[in-house]
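Engineer: Okay, handing you the structure first.
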Amino acid sequence: MISRENIIAAREAIADTVHFTPLLHSDQLSKRSGNKLFFKAEHLQKTGSFKIRGAANKVKQAVAQGATSVTAASSGNHGQAVAYIANRLGIPATIVVPEDVATCKMEAIQAYNGKVVKCGLTSAERLPKAKEIAKEENGVYIPPYDDPLIMAGQGTIGLELLEQLEDVDAILVPIGGGGLISGILTAIKETKPSVQVIGVEPQLANDTFLSMQKNQLVSIPGTTTIADGLRTSQPGELTFPVLQKYLDDLVLVSE
């Protein structure tokens with residue numbers, strides 16, 4: 001598993017690429033919930049999501065080790081991030097996306113000079129295709145979540161949260177493949193273990209919920225949840241043990 005030290009190293013590696021995003025406070029939602037709510041503004045991050053953190057950490061290392069091209073499988077956000085950092089580092093990127101990819105996400109990938117290949121509707125279909133292309137092109141495959149460098153990059157959010165809000169009681173994190181929450185869990189629990197970390201997953205994409213119940217990896221069929229960034233078939237083999245070790249609770253959310 002990754003460690004807090006890996007996350008600190010990732011923070012140093014990607015400092016010239018990512019934004020230190022603000023925390024936004026909502027008076028109305030705080031009143032309605034009876035809590036003081038803050039939102040980590042990763043929508044203001046480079047490429048529009050947190051994904052650039054992990055992608056930058058992984059692609060930078062790949063290029064440092066001699067990579068001349070990269071591939072990724074993504075419903076959109078991870079693909080945008082990989083295309084962005086690859087373009088910035090001067091190497092080509094091929095992104096395998098679902099057949100029903102959001103047009104705005106596909107166009108964003110292409111705007112970063114990424115080549116788009118459509119394949120299936122699930123991550124179980126996309127991932128093998130991306131690996132196949134990487135092998136054919138002698139490139140490096142950049143996983144969307146199940147990779148130590150990806151997890152450590154996403155975990156930099158946890159370090160920022162503790163600096164921005166010292167008296168935080170609980171952090172709620174969405175769960176797809178588990179890259180984001182495993183990184184944040186590691187950063188939080190190895191720095192301030194009293195802070196609760198709660199996972200949030202769509203009812204229609206409840207693979208992690210089922211896996212936690214059975215204490216083993218569980219796969220689900222393709223899903224149509226509107227949360228298209230969370231349409232994974234099962235948790236990652238590297239991310240899931242972190243959730244088993246550290247996660248305080250997991251809640252499901254309807255459409």
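The values are calculated or read from the model by the stated rules, or taken from the named source; none is laboratory data. In this text, all values refer to a predicted model and were calculated from it rather than measured experimentally. Cβ placement follows ideal geometry from the backbone for every residue including glycine, while neighbour counts extend to all protein chains displayed. For the accessible areas, the whole protein counts, side chains as well, though only heavy atoms, and no ligand, DNA or RNA atoms are used. Shrake-Rupley method; radii C 1.70, N 1.55, O 1.52, S 1.80 Å.
Engineer: Can you tell me which residue within region 1-42, out of those that are among the hydrophobic types (A, V, I, L, M, F, W, C) and in a loop (DSSP other than H, G, I, E, B), is farthest from ILE181 (Cα to Cα)?
Structural biologist: Keep residues of region 1-42 that are among the hydrophobic types (A, V, I, L, M, F, W, C), which gives 1-2, 7-10, 13-15, 18, 20, 23-24, 29, 37-39, 41.
This time we only want the ones that are in a loop (DSSP other than H, G, I, E, B), so: 1-2, 15, 18, 20, 37, 41.
On the way: MET1: 13, ILE2: 12, ALA15: 20, VAL18: 18, PHE20: 18, LEU37: 19, ALA41: 16 Å.
Checked region 1-42; the qualifying residue farthest from ILE181 (Cα to Cα) is ALA15.
Engineer: Moving on to the next point. Only residues that are open to solvent by 10 Å² or more (accessible area, probe 1.4 Å) and either among the polar types (S, T, N, Q) or part of a strand (DSSP E or B) (or both): list them for region 158-201, please.
Structural biologist: Once the filter is applied, which keeps residues that are open to solvent by 10 Å² or more (accessible area, probe 1.4 Å) and either among the polar types (S, T, N, Q) or part of a strand (DSSP E or B) (or both), region 158-201 yields GLN164, ALA170, ILE171, LEU172, PRO174, THR191, SER194, GLN196, ILE198, VAL200.
Engineer: Condition first: open to solvent by 40 Å² or more (accessible area, probe 1.4 Å) and closer than 21 Å to ILE171 by Cβ. Now tell me which residues in region 49-82 satisfy that.
Structural biologist: Result: PHE50, ASN77.
Engineer: For a quick check of your reading of the model, give me the residue pairs whose first member lies in region 232-246 and is within 10 Å of MET1 (Cα to Cα) and open to solvent by 10 Å² or more (accessible area, probe 1.4 Å), whose second is among the acidic types (Asp, Glu) and assigned to a loop (DSSP other than H, G, I, E, B), with beta-carbon atoms closer than 8 Å and at least 6 apart or on different chains.
Structural biologist: If the second residue must be among the acidic types (Asp, Glu) and assigned to a loop (DSSP other than H, G, I, E, B), the pairs left are LEU238/ASP146; LEU238/ASP147.
Engineer: Residue by residue through region 210-231, note down the ones that are surrounded by 17 or more Cβ atoms within 10 Å (Cβ to Cβ) and more than 14 Å from the chain's Cα centre (by Cα).
Structural biologist: Listed by number, the residues that qualify are SER211, MET212, VAL218, ILE220, THR223, THR225.
Engineer: Okay, moving on. Could you please find all residues in region 16-41 being buried (at least 20 other Cβ atoms within 10 Å of the Cβ) and out of contact with any Asp or Glu (no Cβ under 8 Å at 6 or more places or on another chain)?
Structural biologist: THR17, VAL18
Engineer: Here is a follow-up. What is the number of the single condition among (1) in contact with a strand residue (DSSP E or B) (Cβ under 9 Å, 6 or more places away or on another chain); (2) open to solvent by less than 50 Å² (accessible area, probe 1.4 Å) that ASP147 does not meet?
Structural biologist: (1)
Engineer: Given the conditions (1) within 25 Å of GLY222 (Cβ to Cβ); (2) within 15 Å of the chain's Cα centre (by Cα); (3) among the small types (Gly, Ala, Ser); (4) in a helix (DSSP H, G or I), and given that SER75 satisfies all but one, which numbered condition is not satisfied?
Structural biologist: Going through the list (1) within 25 Å of GLY222 (Cβ to Cβ); (2) within 15 Å of the chain's Cα centre (by Cα); (3) among the small types (Gly, Ala, Ser); (4) in a helix (DSSP H, G or I), SER75 breaks only (4).
Engineer: Before we move on, is VAL101 surrounded by 15 or more Cβ atoms within 10 Å (Cβ to Cβ), touching a Cys at 6+ places or on another chain (Cβ under 8 Å) and more than 20 Å from ILE171 (Cβ to Cβ)?
Structural biologist: no
Engineer: How many residues are part of a loop (DSSP other than H, G, I, E, B) and either within 27 Å of GLU237 (Cα to Cα) or without any contact (Cβ under 8 Å) to a residue 24 or more places away in the chain (or both) when one looks only at region 98-145?
Structural biologist: 15
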